[in-house]
Amino acid sequence: MKKIDVLVTGGAGYIGSHAVVELYNSGYRPIIVDNFSNSSIKNIEGIEQIINNKVVFHEFDCTDEDQMNELFKIESNIEAVIHFAAFKAVEESVREPKKYYCNNIGSLEVLLKTMKRYKVNNIIFSSSCTVYGSPDILPVSELAPFKKAESPYGETKQLCEKLIDKSDINSISLRYFNPVGSHETCLIGDCSADKPNNLVPIICEVASGKRDSMQIFGNDYNTIDGTCVRDYIHVVDLAKAHVAALNHILNSKKIKTAYNIGVGKGVSVQEVVDSFEQINDIKISYKIGPRRAGDVEEIYSDNSKINKELKWFPIMSFGSALKTAWIWEKNK
Ligand code: UFG
């Protein structure tokens, strides 16, 4: 049977590469478009090793209309787009907001225009729990309002969801909580040039000796042990949610919706550090530091909507996420 073509923008990135593997394993033909501005060919090689086959990829820039037109002309059977390509460093977005508006919003505008021109009617968008800001009710459900964004990065995710809502194509926005870990082979992962400022990559750098020590940002929050609480989702479970969303969108006549992608359980920063030490049998040098500006005290997902509607459930353990994160750090 002929495979369905799915365009994966940012398919050489951290989440994109994991999604490409799951799409391929589910019988789709993923077509990667990436400009490698903040990703690496290493992930393409990793994907090919995992699937034991070549993967289709095009080095184009999603903000360039001519290039996108050319891409849709070459790949004339695309039935859906999964749009990962975006900058993602929250701190950098505060320093260089324009870079984030131009790239993250610009690429979506070009994509929507090109999709319309080539009559591609389905998009799955990489969104984030950042759209909720600091939610009033926990666990946070998709019905929670968008609060004032904490960073230009967060603003771009809110604006992109609104742009997609206004368009007349079918759409599913997936609101990721905190992705962690790597594929079991540890051949793909985060190759971005961003200096890591996410918790698990920083712990890995301390473990490898790249950093001498790290800080836990605040232990005086109103949480179980005073440190911030997040919902850590294994990147392979997250990647599989894209396949579930794709199956659903391709079987729907008209759809515009959003799903939370998280485990539905809060884990504190202290618990993450302790678990990492235990699972990987390695000591992490850390100090308790001041709170980090813009941090939400506690956020975790109500994932019942996607459980019910798409029969997607997270199955990977937090331990395997911490194990593979550490192996990826050593391999990269
Ligand atoms: N943390 C530390 N020390 C560090 C790094 C992080 O204590 O060196 C803490 C943070 O203060 C926070 C927790 O670890 O409490 C998680 O921080 P991350 O930076 O890993 O993740 P965030 O929850 O801040 O950010 C994530 C996504 C963003 C998204 C944001 C929305 O990475 O893309 O959620 O809340 F915008």
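For this structure, a couple of remarks:
- Reducing region 40-66 and region 93-163 to their Cα centroids gives an inter-centroid distance of 24 Å.
- Selection from Ile4, Phe36, Val21 lying farthest towards where the dipole of region 1-60 points positive, charges on Cβ: Ile4
- Distance between region 201-224 and region 227-268 - C-alpha centres, whole angstrom: 26 Å
- Taking all protein chains as shown and a probe of 1.4 angstrom, Lys332 keeps an accessible surface of around 110 Å².
- Put simply, the amide H of His58, placed in the peptide plane, has neighbours under 5 Å in Ile32, Val33, Asp34, leaving out anything fewer than 5 places away on its chain.
- Ligands, DNA and RNA are left out, and with a 1.4 angstrom probe the accessible area of region 280-332 is 60 Å² per residue.
- Of the solvent-accessible surface of the chain, computed with a 1.4 Å probe and all protein chains present, 50% belongs to carbon and sulfur.
- Taking amide H as placed 1.01 Å from N in the peptide plane, Ser128 has its amide H under 5 Å from the amide H of Tyr176, each at least 5 places away in sequence or on another chain.
- In degrees, nearest ten, helix 318-331 long axis to first principal axis of the chain (Cα): 80 degrees
- Counting only alpha carbon atoms, the long axis of helix 14-25 and the longest principal axis of the chain meet at about 50°.
- Tilt relative to the chain, helix 106-117 - C-alpha long axis, 0 to 90 degrees, to 10: 30 degrees
- Considering only beta bridges that DSSP places wholly inside the chain, some 5 percent are antiparallel.
- Probe 1.4 Å, protein heavy atoms only - accessible area per residue of region 1-79 in square angstrom: 44 Å²
- Cα convex hull volume per residue for the chain (Å³): 126 Å³
- For region 98-234, the solvent-accessible area works out to 42 Å² per residue, with a probe of 1.4 Å and every protein chain left in place.
- Accessible surface comparison of Arg95, Arg230, probe 1.4 Å, protein chains only, largest first: the order is Arg95, Arg230.
- Cβ-defined net charge surrounding Asn43, 11 Å radius [Lys, Arg +1; Asp, Glu -1]: -2
- Karplus 3J(HN,Hα) series, Hz, for region 301-314 with 6.51 cos²θ - 1.76 cosθ + 1.60 (x for Gly, Pro): 8, 8, 9, 5, 5, 6, 4, 6, 7, 10, 6, 9, 9, x
- In this structure, the amide hydrogen of Ser173, modeled 1.01 Å from its nitrogen in the peptide plane, lies closer than 5 angstrom to those of Phe125, Thr257, Ala258, Tyr259, counting only residues at least 5 positions away or on a different chain.
- Antiparallel DSSP beta bridges within region 176-288, as percent of all bridges there, nearest 5: 20 percent
- The helix-based estimate of mean residue ellipticity at 222 nm for the chain, built from -39,500 (n - 2.57) per DSSP H run of four or more residues and divided by its residue count, is -11500 deg cm²/dmol to the nearest 500.
- Using θ = phi - 60° and Karplus 6.51 cos²θ - 1.76 cosθ + 1.60, couplings along region 273-287 (whole Hz; Gly, Pro as x): 4, 4, 5, 4, 4, 5, 5, 9, 6, 8, 8, 10, 7, 9, 10
The values are calculated or read from the model by the stated rules, or taken from the named source; none is laboratory data. The structure displayed is predicted, hence computed values, not measured ones. Every residue, glycine as well, gets a Cβ built from its backbone with ideal geometry; the counts of neighbours run over all protein chains shown. Just the protein is used for accessible areas: all its heavy atoms, side chains included, with ligands, DNA and RNA removed. Shrake-Rupley method; radii C 1.70, N 1.55, O 1.52, S 1.80 Å.
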